[in-house]
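In what follows, a structure is listed as structure tokens, so that the remarks can point back to it.
We did not get these values from a lab; they are worked out from the coordinates using the rules stated. All values reported here derive from a predicted model rather than from experimental measurement. Cβ: placed from backbone, ideal geometry, glycine included. Neighbour counts: every protein chain shown.
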Amino acid sequence: MSRKKTQPLCTGSEVDFGMGRRQFLNRFGMGFGSVALADMMAGESRAAGVLDGGHLPARVKRIIYLFQSGGPSQMDMLDYKPLLNEKHGQQLPDEVRKGQRLTGMSGNQSSLPLVGSPFKFAQHGESGQWMSDLLPHTAKIADDICVVKSMYTEAINHGPGVTMLQTGSQFPGRPSMGSWLNYGLGAENRDLPSFVVLVTKNKGGQPLVSRFWGSGFLPSEHQGVRFRSGKDPVLYLNNPSGVSREGREKLLGRLGELHRAAPSSEGDAAVEARIAEYELAFRMQSSIPEVADFSDEPEHVLETYGKDVRNPGSFAANCLLARRLAERDVRFIQLYHPGWDQHGGLVGGIRTQCAETDQPTAALVADLKQRGLLEDTLVIWGGEFGRTNYCQGKLSGNNFGRDHHPRCFSMWMAGGGVKGGTSYGETDPYCYNIDRDPVHVHDFHATVLHLLGIDHERLTFKYQGRRFRLTDVHGKVVKGILA
């Protein structure tokens with residue numbers, strides 16, 4: 001798809017009746033003025049990224065990131081550690097801990113008893129991927145996913161941890177990954193936002209704040225657009241009371257006539273571009289309700305995502321909506337599902353989480369594959385860190401919890417450019433440290449950008465005298481997971 005270059009801001013000049021276009025837009029009635037002008041100017045960079053196609057041949061066109069907020073327990077789902085069951089109730093050896101920092105929630109415990117997983121593990125698919133019985137549906141796509149078992153981060157608490165995975169820094173204020181991609185590559189579909197955020201409704205857990213999908217110091221048009229459940233997925237998009245769709249369309253037509261009547265010295269191309277971008281908001285009034293309407297989905301497709309798919313705002317409904325957005329070339333689709341923070345009552349809590357997410361996650365991957373979309377889509381699953389191999393608090397039978405553990409955790413990826421049916425990296429038998437092929441958060445980001453055709457060292461933005469990037473000052477592409 002051809003992309004126009006970003007145009008410099010045009011200040012405009014006076015028209016026949018003594019009022020410049022900027023003034024005209026700012027003073028126009030019905031709330032149209034200043035909001036419309038800002039959206040038109042923002043849209044220029046939304047339509048075409050600064051890279052104009054990227055640095056490298058792209059392996060994928062879009063990302064669907066299924067973020068599991070709270071820190072899923074890797075040794076109960078994806079990283080099989082039978083030694084923990086053999087040593088259940090014994091103390092975490094000092095030679096394994098190596099004096100490493102613990103959180104304030106378990107750092108003062110006099111006892112750190114190891115806890116084996118109460119869930120049964122088995123190998124699945126031709127690849128023989130190990131998964132627990134918490135994931136019967138994900139097990140069916142075992143040959144499509146690459147499980148990275150050696151992820152690590154410096155962040156030990158939720159706020160910094162989520163911020164790190166989303167922005168490449170523990171400190172608030174940096175642009176999110178989706179914003180970097182919007183800034184670098186621009187939009188593929190002129191009728192929809194390039195970066196869409198979906199949050200599972202009515203879920204407890206750690207708070208999810210808008211800065212996780214914010215644009216930081218990048219221009220604000222690159223931030224994620226959150227879709228909500230209900231009749232108005234995007235706030236303030238519909239016409240105000242008393243303004244009809246026909247009336248707004250006529251208003252846009254008159255604005256075009258005003259432009260065509262102006263002297264050619266005013267920079268017609270730039271103004272035309274701004275008018276076209278205001279029309280994007282007008283088109284979104286139709287495109288967003290259409291993409292959020294599941295009435296054209298066959299019954300058998302709805303069934304694959306599970307019964308919750310009929311509940312707008314559920315994780316299942318958001319997975320199906322993500323597929324519909326991917327079909328329409330939305331570049332970055334971010335799903336957040338909170339509730340994985342099991343400091344206590346892990347057995348019941350993680351069962352609930354997996355019951356809500358396992359089937360729709362697997363259905364999404366299978367659905368994309370069946371439609372030929374998985375070839376150029378990257379699906380990512382994972383949280384901000386993992387869980388400890390020892391019990392937080394007192395161990396009493398199956399009534400236990402696990403604390404935060406940043407030194408090793410598991411994520412998986414599926415889709416274009418990734419080796420399906422493989423595991424990458426290895427943790428020690430205690431699932432406490434990494435034995436082989438560590439993958440830092442910056443390495444993960446560098447790899448995702450590489451798959452999109454971006455050299456992570458060259459996508460930068462100058463701010464306060466320094467050129468920033470998503471991977472900060474280090475990071476390398478993890479070539480071992482690339483197909």
* Asked: If you take all C-alpha pairs in region 106-169, what percent of them are over 13 Å apart?
  -> 74 percent
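With Cβ to Cβ distances under 15 Å as the rule, what net charge do the other residues near ARG466 carry (K, R +1; D, E -1)?
Combined, the nearby Lys, Arg, Asp and Glu give +2.
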* **Partner lysines for LYS479 [C-alpha distance under 27 Å; skip if fewer than 8 residues away on the same chain]** => LYS61, LYS81, LYS140, LYS149, LYS369, LYS419
* To do: Please compute the net charge surrounding GLY401, taking Lys and Arg as +1 and Asp and Glu as -1 over other residues with Cβ under 15 Å from its Cβ.
  => +1
* To do: Measure out, as a whole number of angstrom, how far apart the alpha-carbon centroids of region 148-182 and region 431-483 sit.
  => 11 Å
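How would you order 108-114, 376-382 from highest to lowest mean count of nearby Cβ atoms within 10 Å?
Ranked from most to least packed, the peptides come out as 376-382, 108-114.
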